[in-house]
Amino acid sequence: MLEVLISGRHDDLPLISIQPPMSDVSNGTPVDEIDCSDMDACYETFDKDGDGKLNLDEFRLICKALFRNDKGHIYTLPEEKARHVFQVFDKNGDGFIDKDEFTFCWNHWIKVIVRPISAFLIVDVQNDFISGTLNISKCNAQHDGSEVVEPINRLLESIPFDCVFYSLDWHPSDHVSFIDNVHMRELHPSSPVSADKAQAYDTVVFAGPPPMKQRLWPRHCVQDTWGAELHKDLKVVEGAVKIYKGTNPEVDSYSVFWDNKKLTDTTLSTQLRMRNATDIYICGLAYDVCVGATIADALAIGYRAILIDDASRGVDLADIEKTKSTIINNSGVIVNSDEVLSMVEGRDRRPELGYKLAMELKNAMEDDGATPNTV
């Protein structure tokens, strides 16, 4: 992800346009809608005092022009975060963004925000989670897993995603997470439940080494069974990539990126890097388990990550709320499916995602030894 941000691989994108606010906050004078069709024009438009550099107030105007939707609504980037972003691009810490610094801002921040490369990740829409052995409608939240199929199909048919992925739980029959396999491995003395008394959805501690907490589930998504197949009504698009997880019998794998011990990754990260993806739209089953773990990892890796709420269903209502909090607290975004098209097309630009991108650029520059000025 960071290689994409720093390498300038967006330089071949078409010229982009952003619109300044309809009034100049510096003097209240109305400003006609200006088409910033190239970097120089944009820079000159927002350099209100004509001194050849951008101060914080002028940068705030860029943010107001940038973070809006196609209905004219302007999203607010909080003052503290606006300062943080400004400091990322004010590399020499002189309180201004000069032309060279703005060139970096343009190529690696503005262009990505306006012309994102969007991946669509559909998580575990498999028979066992919908009507099979781990039917989530029988869990605490009582969600009907089949309800995700229609909005996902609609998204696949109407949204020009740059790439599409389907993940599948793909467990061997002796998998560590299955309740009926609990006697196959020694439990650690600290386990809150013994093997004889353990039931589905309990958490035990296996002896290891090292000791490992494991939530026990009904047997599900066993390799090459009906339960592991994608739901028959789910549209599978040509050219999509299937990612198989949970294949190691000794460790569970909620996230589509990693197993739960972070020992082995799937092919997803490599596939995303190959496609230069900047944004990941994630949905599916279950909201608070595999979907939640996947978007948490996407954000931790550095992607701009978006969860599609109405195309996801979960297991536990309290855990679903925890998942939402994790996303929001880490500069992710939660949307409904009818908001996705304008975001993918760069017409609805969220400040949370812009802030996330700026912080990843800051981290990448620090790793390369070019430390931006700190607040």
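The values are calculated or read from the model by the stated rules, or taken from the named source; none is laboratory data. Bear in mind the structure is a predicted one, so any value in this text is a computation, not a measurement. Positions of Cβ are backbone-derived with ideal geometry, glycine not excepted, and every protein chain shown enters the neighbour counts. Just so you know, the surface numbers come from the protein's heavy atoms only, side chains and all, with ligands and any DNA or RNA stripped out. Shrake-Rupley method; radii C 1.70, N 1.55, O 1.52, S 1.80 Å.
So here's what we get for this one:
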quantity	calculated
From E44, E80, residue being open to solvent by 40 Å² or more (accessible area, probe 1.4 Å), part of a helix (DSSP H, G or I) and at pLDDT below 95	E44
Region 235-249, residues that are crowded, with 16+ Cβ neighbours inside 10 Å and under 28 Å from R215 (Cα atoms)	I243, Y244, K245, G246, T247, N248, P249
Matching entry among D57, D70, D51 (being over 16 Å from I113 (Cα atoms) and in a loop (DSSP other than H, G, I, E, B))	D51
Subset of region 140-164 [assigned to a loop (DSSP other than H, G, I, E, B), at pLDDT 95 or above and at negative phi]	A141, H143, D144, I159, P160, F161, D162
Tally, over region 150-177, of residues that are polar (S, T, N, Q) and in contact with a strand residue (DSSP E or B) (Cβ under 6 Å, 6 or more places away or on another chain)	3
Hey, Y254 at positive phi, surrounded by 14 or more Cβ atoms within 10 Å (Cβ to Cβ) and not in a helix (DSSP H, G or I) or not	no
Region 203-229 - residue that is part of a loop (DSSP other than H, G, I, E, B) and small (G, A, S) and, of those, least open to solvent (accessible area, probe 1.4 Å)	A207
Residue pairs meeting the criteria (Cβ under 7 Å; at least 6 apart or on separate chains; first more than 17 Å from L168 (Cβ to Cβ), in region 264-287; second charged (D, E, K, R) and in a loop (DSSP other than H, G, I, E, B))	R275/D162; N276/R9; A277/D162
Top-ranked residue of region 257-282 - restricted to ones that are open to solvent by less than 60 Å² (accessible area, probe 1.4 Å) and among the charged types (D, E, K, R), ranked as modelled with the highest pLDDT	D279
Long-range neighbours under 6 Å by Cβ, at least six apart or interchain, first residue in contact (Cβ under 8 Å) with a residue 12 or more places away in the chain within region 76-90, second among the charged types (D, E, K, R)	A82/R60; V88/K362; F89/E101
Pick from region 84-112, criterion in contact with a strand residue (DSSP E or B) (Cβ under 9 Å, 6 or more places away or on another chain) and among the β-branched types (V, I, T), ranking: farthest from A240 (Cα to Cα)	I97
Any hit, region 182-202, residues being surrounded by fewer than 20 Cβ atoms within 10 Å (Cβ to Cβ), outside any loop (DSSP other than H, G, I, E, B), without any contact (Cβ under 8 Å) to a residue 12 or more places away in the chain and over 31 Å from the mean Cα position of the chain (by Cα)	yes
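One line per residue, one yes/no per condition, for (1) of a type in the set (V, I, T); (2) within 13 Å of the chain's Cα centre (by Cα); (3) on the phi > 0 side of the Ramachandran plot:
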{"residue": "L285", "(1), (2), (3)": "no, no, no"}
{"residue": "V289", "(1), (2), (3)": "yes, no, no"}
{"residue": "G292", "(1), (2), (3)": "no, yes, no"}
{"residue": "G302", "(1), (2), (3)": "no, yes, yes"}
{"residue": "S325", "(1), (2), (3)": "no, no, no"}
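Results for (1) open to solvent by less than 30 Å² (accessible area, probe 1.4 Å); (2) among the aliphatic types (A, V, I, L, M); (3) outside any strand (DSSP E or B); (4) touching a Leu at 6+ places or on another chain (Cβ under 8 Å), shown as yes or no for each residue.
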| site | (1), (2), (3), (4) |
| --- | --- |
| Q87 | no, no, yes, no |
| K91 | no, no, yes, no |
| T103 | no, no, yes, no |
| N107 | no, no, yes, no |
| V112 | yes, yes, yes, yes |
| F120 | yes, no, no, yes |
| D128 | yes, no, yes, yes |
| G132 | yes, no, yes, no |
| S137 | no, no, yes, no |
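Table: residues versus (1) among the hydrophobic types (A, V, I, L, M, F, W, C); (2) closer than 30 Å to E345 by Cα.
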{"site": "F178", "(1), (2)": "yes, no"}
{"site": "Q199", "(1), (2)": "no, no"}
{"site": "V205", "(1), (2)": "yes, no"}
{"site": "K232", "(1), (2)": "no, yes"}
